[in-house]
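In what follows, a single structure is set out as structure tokens and then discussed.
Laboratory data are not the source of any read-out in this text; all were calculated from the coordinates shown. Here the structure is a predicted model, which means the values were calculated and not measured. Every residue, glycine among them, receives a Cβ derived from its backbone with ideal geometry; neighbour counts consider all protein chains shown.
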């Protein structure tokens, strides 16, 4: 089981590395294509739309093929798409490229989480949170690598090609020990809609919505914020995103333990408060160190929201766990979809520094909703 756990962990690492690779180069694409913030926000929609479109595709693939083969299929798609992004020369083609990038990411996400579920069944132990931490390690590694290569004046083509090559090199270390599960056969074909989730899950969904919107906004906009509002910083423009990613790793590694000790509802309340306070530090103070510290606090706040919400949704007794998680994740992904666009359009009206106060508001809103949810449990 140790070999399988290591191999599945590589998949999560690859997924985080690939996403961070794109996120750290967003300022370069904005400059190269001469995009306004609103235009950039529209282009960025391609990624989450691709993720949403791929949800039924990934589900269908899992009924036809074992998840280990779908994981490799997603890596191959990554290897094709990532270098291609650096060659795109218009907003329309970049939107299309990000659509396929989002598809690769979501197919990988569903397949590798299916691997984890199979492993949990074999080990009779819940280990999902640790794999999300490995994803965040990949995110952090990609952020640091992107910052270094940007500082050393590597082109996006060189950067993206290097990451694509690393994807290929990691396949032999992962594939042989992936679990040989069978295709999922779902004969019941249950129907689900956000309309029949019930009040308990609807409240959870909106907490996840706030968390995912904040996470998407941080990933897509924070490096650009540091470039535009801390031009004299001695650090790479990815420093805020790097510390944000590091905080996500830390939060997810300890999330299970502290939620067991202090209660899920209390942790969710604290999460929202940390998001709000962290972004206030980043946005209100001129010190680069306070800005970096604010990004770290924001990352801690966001880190455990989605894993805890998914766990709560899966453990409720009213409807099937798969239906509950699908419904909650759909609403959460709407937040991920809207985040970059809202920040982009707000930025065109009031400036990026003020637009990012949306994260502050959503953090405190998540804390308030969590408090309401706790009182109704």
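Relative contact order, whole percent, for the chain stands at 25, derived from Cα pairs under 8 Å and 6 or more residues apart. One decimal place: the segment residue 368-residue 318 gains 15.6 nm when fully extended, by the rule 0.36 nm per residue minus the C-alpha distance.
Suppose a student asked you for the relative contact order of region 193-377, using Cα pairs under 8 Å spaced at least 6 residues apart; what percent would you report? Relative contact order, region 193-377: 39 percent. Length gained on full extension, residue 361 to residue 157, computed as 0.36 nm times the residue gap minus the Cα-Cα distance: 69.7 nm. For region 123-161, there are no residues whose amide N sits under 17 Å from a probe point set 7 Å from the Cα of residue 289 along the beta carbon direction. Fewest neighbouring Cβ atoms within 10 Å first, the residues 310, 229 line up as 229, 310.
A helix-only calculation puts the chain at -28000 deg cm²/dmol for mean residue ellipticity at 222 nm, using -39500 (n - 2.57) for each DSSP H run of at least four residues, averaged over all residues. Highest mobility in the GNM of the chain, judged by mean-square fluctuation with C-alpha springs under 10 Å and restricted to 155, 24, 238, is found for 155.
Can you give me the convex hull volume of the Cα atoms of the chain, divided per residue and expressed in Å³?
Dividing the Cα hull volume of the chain by its residues yields 129 Å³.
Working from Cα pairs under 8 Å separated by at least six residues, relative contact order for region 1-177 is 45 percent. Rg/Rh, computed from the Cα trace of region 267-322 with Rh as the Kirkwood radius, has the value 1.23.
Of the peptides 263-275, 11-23, the order by per-residue mean of other Cβ atoms within 10 Å, starting with the highest, comes out as 11-23, 263-275. Between residue 173 and residue 349, what is the FRET efficiency for a Förster distance of 45 Å, r being their Cβ-Cβ separation, to the nearest 0.05? So the FRET efficiency works out to roughly 0.40.
Length gained on full extension, residue 31 to residue 233, computed as 0.36 nm times the residue gap minus the Cα-Cα distance: 70.8 nm.
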